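The values are calculated or read from the model by the stated rules, or taken from the named source; none is laboratory data. Predicted model, so just to flag it, every value in this text is computed and none were measured. Positions of Cβ are generated from backbone atoms using ideal geometry, with glycine treated the same way; all protein chains shown enter the neighbour counts.
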Amino acid sequence: MVCFGINDAREAISGDVQLARRFEEFPLTRWSADDEFEDLVLAIVRNLPLRNPTVLSARAMRRLLQVTDGVTSRVFRLLHQLAIEAIKSGAERLSDDAIDQWQPMAPNERLFA
């Protein structure tokens, strides 16, 4: 079994002796602006159900990294939200503009709580 979570989850597991003995902790580092992050984004985009090809600039990649704070689940979630919007709009591709203009669904909503 694999368990991923934030520090609160780690603390909850370590607070239970039985669970703490069963899990080994491996901290995951946040993504940084490098080729590996670009490869991750491209792999996700390739698997989105979009009809048109997506080409993202280095600026868009930096914005993705900034908005998601380099957290893998946030990268996936944001790209999936952008894909849904691209399908609804008929664009069928992700664009630099869509990434630049992305905002949480509601003004007070914290997408990445």
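Structural remarks
- Subset of the range 62-79 (residues that are among the polar types (S, T, N, Q) and crowded, with 18+ Cβ neighbours inside 10 Å): Thr68
- Residue that is farthest from the chain's Cα centre (by Cα), among those in the range 5-18 that are exposed (fewer than 10 other Cβ atoms within 10 Å of the Cβ) and of a type outside the set (Val, Ile, Thr): Gln18
- Candidate set from the range 86-98 (those that are in a helix (DSSP H, G or I) and not acidic (Asp, Glu)); member that is nearest to Ala33 (Cα to Cα): Ala98
- Only one entry of Arg21, Arg30 meets the criterion of being among the charged types (D, E, K, R) and surrounded by 10 or more Cβ atoms within 10 Å (Cβ to Cβ), and that entry is Arg30.
One line per residue, one yes/no per condition, for (1) at pLDDT 95 or above; (2) farther than 22 Å from Glu36 by Cβ; (3) touching a Leu at 6+ places or on another chain (Cβ under 7 Å):
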site	(1), (2), (3)
Asn52	yes, yes, no
Ala58	yes, no, no
Leu65	yes, no, no
Ile84	yes, yes, no
Gln101	no, yes, no
Pro107	no, yes, no
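- Residue check for Asp69: outside the structural domain of Val2 (by TED's automatic domain parsing) and modelled with pLDDT under 95: yes
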